[in-house]
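Chemist: I'd like to ask you about the structure that follows.
Quick note: the coordinates plus some simple rules give every number you see, no bench work behind them. Bear in mind the structure is a predicted one, so any value in this text is a computation, not a measurement. For neighbour counting, all protein chains shown are included, and Cβ atoms are generated from backbone atoms with ideal geometry for every residue, glycine included.
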Amino acid sequence: MNHYWALFAGFLLLWLPARCFKFIKGVDGLGHGDIKLMAGLGAWIGASLLPAVLFCASLSGLIYWWFKHHRSADSRRPIAFGPFLAGGRVACTSWRSLYY
């Protein structure tokens, strides 16, 4: 039963900011596949690691944008967030396995 709550938490963790962004700006800022992936990660790894996964994914996405698109003409082009979420999951579960 805990995994259902983690699925719901993962969904809300990205759905609420996406809804707020769409309400304020009027355009989608996050794809619905990313929201579904985060919900699946919540069901898979549990709710306790979701903030760490989101932090790792956001940080790695920001670093990628800084080195690839920061000073180019493509700086306003959208970047897929799904690969960073998957990488954040790998990084956080690998880190957890070292200490537990």
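Chemist: I'd like the orientation of helix 82-99 relative to the chain: the angle between its Cα long axis and the longest Cα principal axis, in ° from 0 to 90, rounded to 10.
Modeler: Tilt of helix 82-99: around 40 degrees.
Chemist: Relative to the longest principal axis of the chain, what angle (0 to 90°, nearest 10) does the C-alpha long axis of helix 50-68 take?
Modeler: 30
Chemist: So what are the ³J(HN,Hα) numbers for the stretch 14-28, from phi and the Karplus equation (6.51, -1.76, 1.60; θ = phi - 60°), rounded to whole Hz, Gly and Pro as x?
Modeler: Residue by residue, the stretch 14-28 yields 10, 5, 4, x, 5, 5, 5, 5, 5, 5, 7, 8, x, 10, 6 Hz.
Chemist: If I model a spin label as a point 7 Å beyond the Cα along the Cα-Cβ vector, how far apart are those points for Ser60 and Asn2 in nm?
Modeler: 2.5
Chemist: Run the quick spin-label model on Thr93 and Arg76: label points 7 Å from Cα toward the beta carbon, then report their separation in nm to one decimal.
Modeler: 3.9
Chemist: Roughly what % of Cα-Cα distances in the stretch 1-96 sit above 22 Å, to the whole percent?
Modeler: The answer is 32 percent, as a whole percent.
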